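Participant: Here it is, the structure in full.
The values are calculated or read from the model by the stated rules, or taken from the named source; none is laboratory data. These numbers were taken from a predicted model, which means no experiment stands behind them. Don't worry about glycine lacking a Cβ; one is built from the backbone with ideal geometry, like all the others, and counts go over all protein chains shown.
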Amino acid sequence: MDSIIVTGGSELNGDIPIAGAKNACLTLMPATLLSEDPLTLTNAPRLSDIKTMTTLLESLGTEVTSMQDGQVLAMSSHKLTNLTADYDIVRKMRASILVLGPMLAREGQAVVSLPGGCAIGARPVDLHLKAMEAMGAEIELKDGYVHAKASGGLKGGTVEFPFVSVGATENALMAATLAKGTTVLKNAAREPEIVDLAHCLQAMGAQIDGEGTSTITVQGVDRLGGATHRVVTDRIELGTYMLAPLIAGGSVECLGGTIDLVAAFCEKLDAVGARVEQTDRGIRVSRANGRVAAIDVTTEPFPGFPTDLQAQMMAMLCTANGTSVLEEKIFENRFMHAPELIRMGAQIDVHGGTATVTGVERLKGAPVMATDLRASVSLILAGMAAEGETRVNRVYHLDRGYERVEEKLSNLGATIERIKGE
C-alpha cells in the first residue's frame, strides 16, 4: 500500500484549487437512474470513490463517459439492464445505497447489497428503508441484500426522520420525485449537498420546495428529463486546506471557496485567532498572531460544525495554546486518529464521545497509520506541524476523498511525497 511522507517546518503560501464536493457528486450520480435522458455533471472531483460509483452505475446499465481529465461526467441510463447492486462493488463505499431510491422509483424494484465504507461506527440504513416503506415499498432483508418492491410504483407519503440523516434524506428525495402524489420529508437534512441535489433534480423537471430547510415537499412527476449540472464546491476539502496555514504557518487562498459553505467552521477559526477573508477568488486564511488559541468544538448536523472536519481540527488543536475539548455527536468511534496523534507527541485524553486536547509547542514526526478518510488527512496536517519526518501509512483511504493531495500541498511549499507500495 502507498504511504505519504511529510517533513515538517515549511510554511505554506499560495493558491490551492478546491474540487467539486465528493459527497455531492456521489449523490448526484445515481440521479441519472431516474431518467432515460442524459445527465452531465461538471466540476466533478477526481477520486477513487467516483470511480467506484461509476463501476456500480455501469453494472446497472448506465453509460458513463469521463471527459476533461475526469472533471466532466456524461451519463446515460436510457435502459437499465440490471436491478441488482452487487456486494463486490457496494462493500467498498457506503454511498452505494443511494441507487436504491432511484431504481425503486423508476423500475418498481431493486436489490441492493448492504454497504461498506469507513469504519467510523455503525451507520445503519434503516432510515433509508423506512423512508421507502413510507412511500409504499415492501422491503425484505435477505442474505445481506435489501430486496425492495413497489408494484404499481411508489406513492407520496410523509417521511419523518427520527434524527437528521443526510443519506436517507437524499435517497428519499430522489425516490419521491417519481412517486405518485405529494411526499413530505420532515426533519430533513439541510446540508449544501442536499440543496445541490435538489437543484439538479429541479433542472431535470422535479417539483421540489423547501430544500435547505428541515421540511422538504416533493410533488411527484411522471418522468424526469436530462440536465447539465455543476457540482457544488467541496466544503470539507475547503475546510481542510483552510486549516493548513494555521497549522504550518503562512497564507493560503482556497480558490472557489465561500464562507457560507463553512460558516460554523469559520466561527471557530475566528475564535482560535485566525484571519479569514472572503476574496473575489475564494477564501484567504492565515494566522493573526502566532500560536492559535484553544477552543471547544461540538460536531452537529449542518449548519453546525461538520463531523468531517473534526479530525483535522483536532490536529490543529494539538499545538494550540491551552486545553480544548472536542465532542463528537454524529458518529461513534470517530476518534481513532487520536492514538496516532499521541504517537506524534500530542496530549489527548478520550472518554467516549469526548476528547480533551492539551496543546504542545511542537509535535514530533513518527510513523502513523490512517484509519479512515478524514483521519488520513488529519495526520498529514499534523506532520506539517511536526519536527522531522512523519510517514502516514495506509493512505488508500485518502484517495477516496482528496484529489492529488500531495501535489496541491507541495505547490504551497509543503515537503511531502507519496511512496508507492508494492
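Participant: I need the strands (runs of 3 or more DSSP E) fully contained in the stretch 1-107, keeping only those with at least 2 residues that are touching a residue at least 12 places away in the same chain (Cβ under 8 Å) and either touching a Cys at 6+ places or on another chain (Cβ under 6 Å) or on the phi > 0 side of the Ramachandran plot (or both).
Facilitator: Once the strands (runs of 3 or more DSSP E) in the stretch 1-107 are filtered for at least 2 residues that are touching a residue at least 12 places away in the same chain (Cβ under 8 Å) and either touching a Cys at 6+ places or on another chain (Cβ under 6 Å) or on the phi > 0 side of the Ramachandran plot (or both), what remains is 12-17.
Participant: Can you tell which of LYS79, LYS51 is closer than 28 Å to GLY156 by Cβ and basic (Lys, Arg)? Full working, then the answer.
Facilitator: Numbers: LYS51 fails: closer than 28 Å to GLY156 by Cβ.
Result: LYS79 is the single residue among LYS79, LYS51 that is closer than 28 Å to GLY156 by Cβ and basic (Lys, Arg).
Participant: How about the stretch 152-182: which of its residues are at pLDDT 95 or above, among the hydroxyl-bearing types (Ser, Thr, Tyr) and under 14 Å from THR213 (Cα atoms)?
Facilitator: If the condition is that a residue be at pLDDT 95 or above, among the hydroxyl-bearing types (Ser, Thr, Tyr) and under 14 Å from THR213 (Cα atoms), then THR169 is the only one that fits.
Participant: Could you tell me whether any residue of the stretch 134-148 is within 30 Å of THR299 (Cα to Cα), in contact with a Gly (Cβ under 9 Å, 6 or more places away or on another chain) and crowded, with 17+ Cβ neighbours inside 10 Å?
Facilitator: The answer is yes; a qualifying residue exists.
Participant: Sort out which residues of the stretch 364-381 are more than 21 Å from the chain's Cα centre (by Cα) and crowded, with 24+ Cβ neighbours inside 10 Å, and write them in order of number.
Facilitator: VAL368
Participant: So, of the residues in the stretch 188-204 that are farther than 11 Å from LEU28 by Cα and over 18 Å from the mean Cα position of the chain (by Cα), which turns out to be surrounded by the fewest Cβ atoms within 10 Å (Cβ to Cβ)?
Facilitator: ALA203
Participant: Among the strands (runs of 3 or more DSSP E) contained in the stretch 242-305, which hold 1 or more residues that are small (Gly, Ala, Ser) and within 28 Å of LYS364 (Cα to Cα)?
Facilitator: Strands (runs of 3 or more DSSP E) meeting the threshold: 250-255, 274-278, 282-287.
Participant: Another question, then. In the stretch 339-363, which residues are assigned to a strand (DSSP E or B), surrounded by 14 or more Cβ atoms within 10 Å (Cβ to Cβ) and not polar (S, T, N, Q)?
Facilitator: The answer is ILE348, VAL350, ALA355, VAL357, LEU363.
Participant: Restricting attention to the stretch 57-89, which residues are touching an Asp or Glu at 6+ places or on another chain (Cβ under 8 Å) and within 15 Å of VAL112 (Cα to Cα)?
Facilitator: SER59, LEU80, LEU83
Participant: Now for a separate question. Here are the criteria: (1) out of contact with any Leu (no Cβ under 7 Å at 6 or more places or on another chain); (2) under 22 Å from GLY8 (Cβ atoms); (3) crowded, with 21+ Cβ neighbours inside 10 Å. Tell me which single one ALA288 does not satisfy.
Facilitator: Failing condition for ALA288: (3).
Participant: Can I ask one more? Among the residues of the stretch 317-336, is any modelled with pLDDT of 95 or more, assigned by TED's automatic domain parsing to the domain that holds ARG362, within 21 Å of ASN23 (Cβ to Cβ) and touching a Leu at 6+ places or on another chain (Cβ under 8 Å)?
Facilitator: No, because not a single residue in the stretch 317-336 is modelled with pLDDT of 95 or more, assigned by TED's automatic domain parsing to the domain that holds ARG362, within 21 Å of ASN23 (Cβ to Cβ) and touching a Leu at 6+ places or on another chain (Cβ under 8 Å).
Participant: Sticking with this one: Is it the case that some residue within the stretch 35-51 is crowded, with 18+ Cβ neighbours inside 10 Å, outside the structural domain of VAL125 (by TED's automatic domain parsing) and more than 22 Å from the chain's Cα centre (by Cα)? Give the derivation first.
Facilitator: Within the stretch 35-51, the subset crowded, with 18+ Cβ neighbours inside 10 Å is 35, 39-41, 43-45, 47, 49-50.
Then drop every residue that is not outside the structural domain of VAL125 (by TED's automatic domain parsing), which leaves none.
No.
Participant: Could I ask something else about it? Among the residues of the stretch 222-237, are any among the small types (Gly, Ala, Ser), touching a residue at least 60 places away in the same chain (Cβ under 8 Å) and outside any loop (DSSP other than H, G, I, E, B)? Spell out how you get there, then give the answer.
Facilitator: Our first condition is that a residue be among the small types (Gly, Ala, Ser); within the stretch 222-237, this holds for 225-227.
Okay, now just the ones that are also touching a residue at least 60 places away in the same chain (Cβ under 8 Å), so 225-227.
Filter once more, so that each one left must be outside any loop (DSSP other than H, G, I, E, B): 227.
The answer is yes, given that some residue of the stretch 222-237 is among the small types (Gly, Ala, Ser), touching a residue at least 60 places away in the same chain (Cβ under 8 Å) and outside any loop (DSSP other than H, G, I, E, B).
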